[in-house]
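Asker: This is the structure I want to talk about, given as structure tokens.
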Amino acid sequence: CELVRRPPASIPWLSPYCKPAIYLYPKEKTEVQVSIAPQGKLTLTIPYYSQQGWNATAYPDGKLDYQGDSYDYLYYEAEIPDSLIEKPQEGFVVAYPDLQTLFGNILPKLGLNEKESKQFSQYWLKALPSAPYYFVGIVSENNLNAIAPLTINPIPDNVIRVTLYFQALEEKRSVTAPVINPVKRNGFTVVEWGGIVKTDPQHPFSCLM
């Protein structure tokens, strides 16, 4: 796999701000190998992603050393065929200005710590286009593992993958809110946050970021 760079600006249906994040928290300094295999084209990976994946030195505080540079996390961007994405039926419908409050309420329950929740919120509040309302759903773990398998060696004690599905709405709708069972972190923990959003209704791909 060659280094994947940002797609040209002439592709309007991909957000220019895609930035999924994978955090690694081993109990001690550990050499970790991370592989991603999304069911679609990788359009951006940072840092460099080779055929062997990312081979990084991870520290308990989340710091990563990779080929002489330090990172807070690993990230990638991919085009996922719409036919493979299971849109959540349950979720939340909130006005655009209330997204930050929603994130603050649900992200800690889903397992993100304060730093991760803040980075998620800061990113998505900038990335999502303004709209009267947004439907926000939680992509199921089974669907996420199917469309974007993540392999880590050594095997973590727990993996927390939080991907939200965003859909801009012109009018408010009634939806059933999901039951969220709080997630606990222990041992070697891996956390990934991201989102799925479609920026062009006419294109058969959505951006996983």
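Values in this text are rule-based calculations from the coordinates and carry no lab data. Since the structure is predicted, the reported quantities are computational estimates derived from the model, not experimental observations. Ideal geometry is used to build each Cβ from the backbone, glycine not excepted, and the neighbour counts take in all protein chains shown.
Asker: Per DSSP H run of at least 4 residues, take -39500 (n - 2.57); add these up for the chain, divide by its residues and hand me the 222 nm value, nearest 500 deg cm²/dmol.
Answerer: That comes out to -5000 deg cm²/dmol.
Asker: Given 0.36 nm per residue, what is the gain on full extension from K118 to D157 after removing their alpha carbon distance, in nm?
Answerer: 11.6 nm
Asker: Now a separate question. If R0 is 22 Å, what FRET efficiency do you get for E86 and T176 from their C-beta distance, rounded to 0.05?
Answerer: The pair E86/T176 has a calculated efficiency of 0.85.
Asker: Cut-off 10 angstrom, C-alpha nodes, Gaussian network model of the chain. Which of I155, I85, I46 fluctuates the most?
Answerer: Ranking I155, I85, I46 by mean-square fluctuation puts I155 first.
Asker: Using the alpha-carbon atoms, what tilt in degrees (0 to 90, nearest 10) does helix 99-110 show relative to the longest principal axis of the chain?
Answerer: Value to nearest ten degrees: 50.
Asker: Please give, to one decimal in nm, the separation of the simple spin-label points placed at T101 and K27, each 7 Å out from Cα toward the Cβ.
Answerer: For T101 paired with K27, the spin-label model returns 4.2 nm.
Asker: Counting pairs of alpha carbon atoms under 8 Å apart in space and at least six apart in sequence, what relative contact order in percent does the chain give?
Answerer: 29 percent
Asker: Using a Debye calculation, one point per C-alpha and no hydration shell, please list log10 I(q)/I(0) for the chain at q = 0.13 Å⁻¹ in order.
Answerer: For the chain at q = 0.13 Å⁻¹, log10 I(q)/I(0) is -0.72.
Asker: Which FRET efficiency, nearest 0.05, do Y59 and V183 yield, Cβ-Cβ r, R0 22 Å?
Answerer: With a Förster radius of 22 Å, E is 0.50.
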